[in-house]
């Protein structure tokens with residue numbers, strides 16, 4: 001896949017922030033649909049709030065020139081944010097409709113890794129709000145989990161308009177803590193879960209180099225892990241370089257706050273469309289597990305809150 005040089009990218013705003021130890025390249029894949037521009041705007045606004053970092057926000061998109069003008073207008077409010085916003089057009093190929101989701105690999109290899117100014121690389125789908133708190137959580141526990149060969153994971157959640165409750169997108173059954181390998185870090189227990197899918201990943205420079213050398217970096221080699229083409233683009237270390245001891249099934253581990261029995265709030269990432277939990281009937285039970293039911297222990301008592309579409313289960 002060939003792209004224009006970084007210097008030729010359309011830019012909405014210069015990076016006016018002072019020098020920072022954190023310089024983040026954020027890449028979002030956007031298969032152009034006007035109805036989804038509002039989600040992309042929320043995603044970009046979230047990264048504009050990383051005020052302690054220099055942020056290069058890059059949208060890889062299938063937009064043609066006319067659509068690109070619309071896309072540019074949708075983010076005009078961020079011109080004074082101090083975040084540098086740019087676009088990279090990826091021609092749409094009907095034979096490979098999700099190839100735009102892989103364009104970030106070229107940016108990682110050709111723009112991020114050769115430039116030592118960058119400290120972190122983030123890839124996120126176009127409807128995920130990865131807050132500054134989420135990023136800080138990753139940085140903190142990345143170091144604390146390093147001795148165990150694990151990485152801190154994220155959990156996608158949505159808001160239900162029928163019962164005003166929050167539900168997890170990718171997890172359909174509770175994780176029984178006693179059955180899953182884990183690591184204790186004070187009051188936080190990190191455990192593997194059945195589905196480590198999270199629709200994004202965060203890399204420091206060490207992880208970026210490791211990722212670029214692994215099968216999950218290649219659209220064909222990654223087929224060994226299953227999933228569709230778009231989903232494989234963000235697997236990163238879901239099934240790669242897993243610790244050889246401890247019975248772990250993924251490099252990503254999810255945090256349980258043992259004092260409350262809930263997932264650590266800083267690991268929850270917002271899936272903006274809220275389409276899974278509000279779909280009636282639900283598709284394969286996605287979006288029906290309450291956030292507070294993510295983890296289950298032998299001491300758990302009482303029935304969990306029920307999704308309105310499944311009140312009798």
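Would you please name the residue that is nearest to residue 289 (Cα to Cα), looking only at residues in the range 169-190 that are touching a helix residue (DSSP H, G or I) at 6+ places or on another chain (Cβ under 6 Å) and part of a strand (DSSP E or B)?
183
In the range 89-123, how many are under 19 Å from residue 39 (Cβ atoms), assigned to a strand (DSSP E or B) and touching a helix residue (DSSP H, G or I) at 6+ places or on another chain (Cβ under 7 Å)?
Final tally of qualifying residues: 1.
Name the single residue, out of those in the range 211-257 being in a helix (DSSP H, G or I) and in contact (Cβ under 8 Å) with a residue 40 or more places away in the chain, that is farthest from the chain's Cα centre (by Cα).
212
Could you tell me whether the range 243-256 includes any residue that is buried (at least 17 other Cβ atoms within 10 Å of the Cβ), in contact with a strand residue (DSSP E or B) (Cβ under 7 Å, 6 or more places away or on another chain) and more than 23 Å from residue 148 (Cβ to Cβ)?
Checked against the condition, which is being buried (at least 17 other Cβ atoms within 10 Å of the Cβ), in contact with a strand residue (DSSP E or B) (Cβ under 7 Å, 6 or more places away or on another chain) and more than 23 Å from residue 148 (Cβ to Cβ), the range 243-256 yields no hits at all.
Regarding residue 115, is this residue under 22 Å from residue 205 (Cα atoms) and without any contact (Cβ under 8 Å) to a residue 12 or more places away in the chain?
When the stated conditions are applied, residue 115 passes them.
Criterion first (at pLDDT 95 or above, more than 22 Å from the chain's Cα centre (by Cα) and outside the structural domain of residue 133 (by TED's automatic domain parsing)) does residue 73 satisfy it?
Yes, satisfied.
Output the residues belonging to the range 124-159 that are assigned to a loop (DSSP other than H, G, I, E, B), in contact with a strand residue (DSSP E or B) (Cβ under 6 Å, 6 or more places away or on another chain) and more than 19 Å from residue 211 (Cα to Cα).
126, 130
Being in contact (Cβ under 8 Å) with a residue 40 or more places away in the chain and either in contact with a helix residue (DSSP H, G or I) (Cβ under 7 Å, 6 or more places away or on another chain) or farther than 30 Å from residue 117 by Cβ (or both) is the filter here, so list the residues in the range 191-203 that pass it.
If the condition is that a residue be in contact (Cβ under 8 Å) with a residue 40 or more places away in the chain and either in contact with a helix residue (DSSP H, G or I) (Cβ under 7 Å, 6 or more places away or on another chain) or farther than 30 Å from residue 117 by Cβ (or both), then 191, 192, 193, 196, 197, 202, 203 are the ones that fit.
The values are calculated or read from the model by the stated rules, or taken from the named source; none is laboratory data. Remember, it's a predicted structure, so these values are computed and weren't measured experimentally. Every residue, glycine as well, gets a Cβ built from its backbone with ideal geometry; the counts of neighbours run over all protein chains shown.
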